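Participant: First the structure, which I've put down as structure tokens, then a few questions once you've had a look.
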């Protein structure tokens, strides 16, 4: 019987293997927005490799309510998405904007300034900017696109709010957080809430493909937020793909198993002449 001998690996080989398996390293950066004095933090993650003269796509990832730009993106649940995005050549920008910004006017202004700065300073293709987020970040990705549809190629909304007034009726416990961000309640500033509601601005997505992911077991943002948005998009003939997970809950781990589907969607919508999403 032949004996099996362990293979001696050099320290260099082991290090190379670990680097290959590990997600890209997100760099912590800051900038001071115009008219402000405090530095705004953000993360920038670069692709696995770059080539001189090559322009790369960008994913803008928006965190959920109560979190920050580092907490969710660096969770173990995002490891595979980060690795695969880096391998496909994506830069990823993770702004902070505040723990409870709800993509208000200040958040939109700061994100636009940060996005312009990032597009100017890195080898990025401004025609391939994709918005993505979970929960507050998912709804925020829709809101930001509503105001900047000419600058966003496609959107991935993961269990985000699509009607702000309806959301507070469903979940009044979020009224203090949302009221602070938006300067009042739906009763006191109804126009502000309408301006934050994707359902009231569907035509903004006429030429922006949207991927929507939600679970029917979500008790934080009820699944009807996604269903009503998707149905309305389909009625208008707009490009939308919907994946609903039976029993799926409002957790960061929801992304696991969807990594390639999300990146395939971004790749497909960015390809000239093949922007029509597949699926239902």
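No lab work stands behind these numbers, since they all come straight from the coordinates. Every value quoted in this text rests on a predicted model; they were computed, and no experiment measured them. Backbone-built Cβ (ideal geometry, glycine too); neighbour counts: all protein chains shown.
Participant: Could you calculate the FRET efficiency of residue 70 with residue 175 from 1/(1 + (r/R0)^6), where r is the beta carbon distance between them and R0 is 25 Å, rounded to 0.05? If you can, show how the numbers build up before the last one.
Facilitator: Values: r = 27 Å, r/R0 = 1.09.
So the FRET efficiency works out to roughly 0.35.
Participant: Counting alpha carbon pairs within less than 8 Å and at least 6 residues apart, what relative contact order, in whole percent, applies to the stretch 26-95? Walk me through the numbers on the way to the answer.
Facilitator: On the way: 102 pairs, mean separation 29.1, N = 70.
Relative contact order of the stretch 26-95: 42 percent.
Participant: By how many nm would the segment from residue 36 to residue 187 lengthen if fully extended, with 0.36 nm per residue of separation less the alpha-carbon distance? Mind dumping the intermediate values first?
Facilitator: Working: separation 151, 0.36 × 151 = 54.36 nm, distance 3.01 nm.
Additional length available on full extension: 51.3 nm.
Participant: To continue, here is another question. Taking Cα atoms, how many degrees apart are the long axis of helix 105-121 and the longest axis of the chain, rounded to 10 and kept between 0 and 90?
Facilitator: Tilt relative to the chain: about 30 degrees.
Participant: Counting helices only, and only those DSSP H runs with n ≥ 4, report the 222 nm mean residue ellipticity of the chain as the sum of -39,500 (n - 2.57) divided by its residues, in deg cm²/dmol to the nearest 500. Let's see the in-between values first.
Facilitator: Details: 9 runs with 94 residues, N = 280.
That comes out to -10000 deg cm²/dmol.
Participant: Using a Gaussian network model on the chain with a 10 Å cutoff between Cα atoms, which of 160, 137, 248 fluctuates the most?
Facilitator: Looking only at 160, 137, 248, the largest GNM fluctuation is found for 248.
Participant: How high is the relative contact order of the chain? Use alpha-carbon pairs under 8 Å, at least six apart in sequence, and give a whole percent. Mind showing how you got there, number by number?
Facilitator: Values: 506 pairs, mean separation 44.4, N = 280.
Contact order relative to length: 16 percent.
Participant: A follow-up question, please. Determine the equivalent ellipsoid of the stretch 26-163 by diagonalising the alpha-carbon gyration tensor, then write out the semi-axes as square roots of 5 times the eigenvalues, largest first, rounded to whole Å. Walk me through the intermediate numbers first.
Facilitator: On the way: eigenvalues 88, 59, 47 Å².
Listed largest to smallest, the semi-axes of the stretch 26-163 are 21, 17, 15 Å.
Participant: Label points 7 Å out from Cα along the Cβ direction at residue 120 and residue 106: separation in nm?
Facilitator: Reported label-point gap for residue 120 and residue 106 is 2.3 nm.
Participant: How much length would be gained if the chain were fully extended between residue 27 and residue 231, taking 0.36 nm per residue of separation minus their Cα-Cα distance, in nm to one decimal?
Facilitator: Numbers: separation 204, 0.36 × 204 = 73.44 nm, distance 3.90 nm.
That pair, residue 27 and residue 231, stretches by 69.5 nm at full extension.
Participant: So between residue 207 and residue 253, what do we pick up on full extension, going 0.36 nm a residue minus the alpha carbon distance?
Facilitator: That works out to 13.6 nm of additional length.
Participant: Rounding to the nearest 10 and keeping the result within 0 to 90°, find how far the Cα-based axis of helix 136-147 lies from the longest principal axis of the chain.
Facilitator: It works out to around 70 degrees.
Participant: On to the next question. For the chain, find the longest principal axis of its Cα atoms and tell me its angle to the long axis of helix 259-270, 0 to 90°, nearest 10.
Facilitator: The helix 259-270 is inclined about 70 degrees to the chain.
Participant: OK, next. Let me understand the stretch 109-233 better: what is its radius of gyration from the alpha carbons, and its Dmax, in angstrom?
Facilitator: 14.9, 46
Participant: Sort largest first and round to whole Å: the equivalent ellipsoid semi-axes of the stretch 160-280, each the square root of five times a Cα gyration tensor eigenvalue. The partial results should precede the final answer.
Facilitator: On the way: eigenvalues 150, 69, 28 Å².
The answer is 27, 19, 12 Å, longest axis first.
Participant: With label points built 7 Å along Cα→Cβ from the Cα atoms of residue 244 and residue 84, find their separation and express it in nm.
Facilitator: Each label point lies 7 Å from its Cα, and together they span 2.3 nm.
Participant: Here is a further query. Where in the stretch 103-128 does the amide nitrogen come within less than 11 Å of the point 7 Å from the Cα of residue 55, taken along Cα to Cβ?
Facilitator: Those under the cut-off are 123-128.
Participant: Is the shape of the stretch 188-229 rounded, prolate or oblate, going by the alpha carbon gyration tensor and its root eigenvalues a ≥ b ≥ c, with a/c under 1.5 for rounded and a/b larger than b/c for prolate? List each step's numbers first, then the result.
Facilitator: Values: a/c = 3.35, a/b = 1.19, b/c = 2.81.
Judged from the Cα gyration tensor, the stretch 188-229 comes out oblate (a/c at least 1.5, b/c at or above a/b).
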